[in-house]
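Below: the structure, in structure tokens.
The values are calculated or read from the model by the stated rules, or taken from the named source; none is laboratory data. In this text, all values refer to a predicted model and were calculated from it rather than measured experimentally. All Cβ positions, even for glycine, are placed from backbone atoms using ideal geometry, and neighbour counts span all protein chains on display. Surface areas here come from the heavy atoms of the whole protein model, side chains and all, with no ligands, DNA or RNA. Shrake-Rupley method; radii C 1.70, N 1.55, O 1.52, S 1.80 Å.
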Amino acid sequence: MNLEFTAEEIAFREEVRSFIAENYPKHLGDTGLREDLAPEDFVAWHKVLGEKGWSVPAWPVEYGGTGWTPTQRYIWSEENARVNALMPLPFGVSMVGPVIYTFGNEEQKARHLPGIRSGDVWWCQGYSEPGAGSDLASLKTTAVRDGDHYVINGQKTWTTLAQYADWGFFLCRTDPDAAKPQEGISFILIDMKTPGVEVKPIKLIDGGYEVNETWLTDVRVPVENLVGVENKGWTYAKFLLAHERSGIAGVARSKRGVEKLREIAANETIDGEPLISDFNFARKVSQLEIDLAALEITELRTLAGEQAGKGPGPESSILKIKGTEIQQRLTELTLEAVGSYGTPMYGSIADTGSNEYPIGPDYAQHSAATYFNMRKTSIYGGSNEIQRNIITKMILGL
């Protein structure tokens, strides 16, 4: 694989870098934790990209994609990570959008794809339930046909940012008597303003409300909101998860995180010497960089396969496992580097009313919160244990 950019690719990188410098919303700055953001902050960059036509670079051109090569998409991710840009939320762009343009009918494409591209319509994901997480096929939420509607009842959990969502995509059981649990599930789009939809926040240990319970009580949804064929939703769900897992890898952002980690370690000291000069700490950072470089090559191969018409397959499980493990090791090393400065937990002045400025350097302020928040990455999108089972079966044939 040739890893050197061509002259055209270098010119593209400069175009992207200039566009970001001139158009990225200045008030977002170097975005910290998501709990610090207002709803409009999440979509500010998305709306700019929508006007430019760059909000869905991985989509086919006929549905609004950019037609970029894998290398151009790689450059795009790198340049956004370089400024820690707050990218479009994945629920529309990377999850339900590809499902709709692949399996939806023309009416669904015309109705939903424009709002996803522009950032005007906010989506959430209704997959996990209290008794169905990694074992998603055991879900209990039901959708019973009643004339031209489904009547949906059940509970979803960990519904990220559902408190702001306009629409949600939900897995519901439409055939409780199917021979296999996976065969009786359908993929249904739900307007979150429909009577009977109730979103209840789950308060996290840091006081934030990033995730929710979503209760569905006698929610009447038009049958036209069914995507694809009834009882075939498991096929669409697996397709969506493959796209989600590829994106979870977060290679570009981890690369920027390692750069920041080295800056912190150069500033912090141990026994009067820069922490980065400590053999044991430097060894852990170097091993992290080696693993990240290997993951980057794997991601590039996956992108090249997609460009050749091969959608993300079981190799997305490799990206998910290694990507999330690297993210967790990165936040762990960052917390180690800041030492005792990472111990206090501070809310923002807006949240707590406190006028006390956090002790220690600015880079230490969110280190503990980020570390704890990133523990989730090896669980969501299908736990890493499940991903190893997929690799064992689909790649190794065991």
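A few comments on the model shown:
- The distance between label points at Thr217 and Arg17 comes to 5.6 nm (points 7 Å beyond Cα on the Cα→Cβ vector).
- Extension gain, Asp166 to Ile10: 0.36 nm times the residue separation minus the Cα-Cα distance gives 52.3 nm.
- Cross-link pairs Lys109/Lys180; Lys238/Lys320; Lys47/Lys238; Lys140/Lys193 - those with Cα-Cα distance over 25 Å: Lys109/Lys180; Lys47/Lys238
- Computed per residue of the chain from DSSP H runs no shorter than four, each worth -39500 (n - 2.57), the mean residue ellipticity at 222 nm is -13500 deg cm²/dmol.
- Linear extension gain, Ala294 paired with Lys109, 0.36 nm per residue minus alpha-carbon span: 62.9 nm
- Hz values of 3J(HN,Hα) by residue in the range 88-96 - Karplus curve (6.51, -1.76, 1.60), Gly and Pro given as x: x, 4, x, 4, x, 5, 9, 10, 6
- Three semi-axes describe the equivalent ellipsoid of the chain; taken as square roots of 5 times the Cα gyration tensor eigenvalues and ordered largest first, they are 36, 25, 22 Å.
- With every protein chain in place and a 1.4 angstrom probe, the accessible-area ranking of Thr102, Thr194, Thr214, largest first, reads Thr102, Thr194, Thr214.
- Separation in nanometres of the label points that stand 7 Å from Cα toward Cβ, at Gln287 and Asp191: 5.5
- Solvent-accessible area, 1.4 Å probe, carbon plus sulfur percent, for the chain: 53
- The slack in the chain from Lys26 to Glu51, taken as 0.36 nm per residue of separation less the alpha-carbon distance, amounts to 7.3 nm.
- Note on Glu183/Asn153: beta-carbon distance plugged into 1/(1 + (r/R0)^6) with R0 of 25 Å gives a FRET efficiency of 0.80.
- The range 67-116 - accessible surface per residue (Å², probe 1.4 Å): 35
- The range 380-386 - phi-based ³J(HN,Hα) in whole Hz, Karplus 6.51/-1.76/1.60, Gly and Pro as x: 6, x, x, 4, 5, 5, 5
- Computing Rg and the Kirkwood Rh from the Cα coordinates of the range 100-179 gives a ratio, Rg/Rh, of 1.00.
- The chain: angle of helix 106-118 to the longest principal axis, Cα-based, in degrees nearest 10: 20
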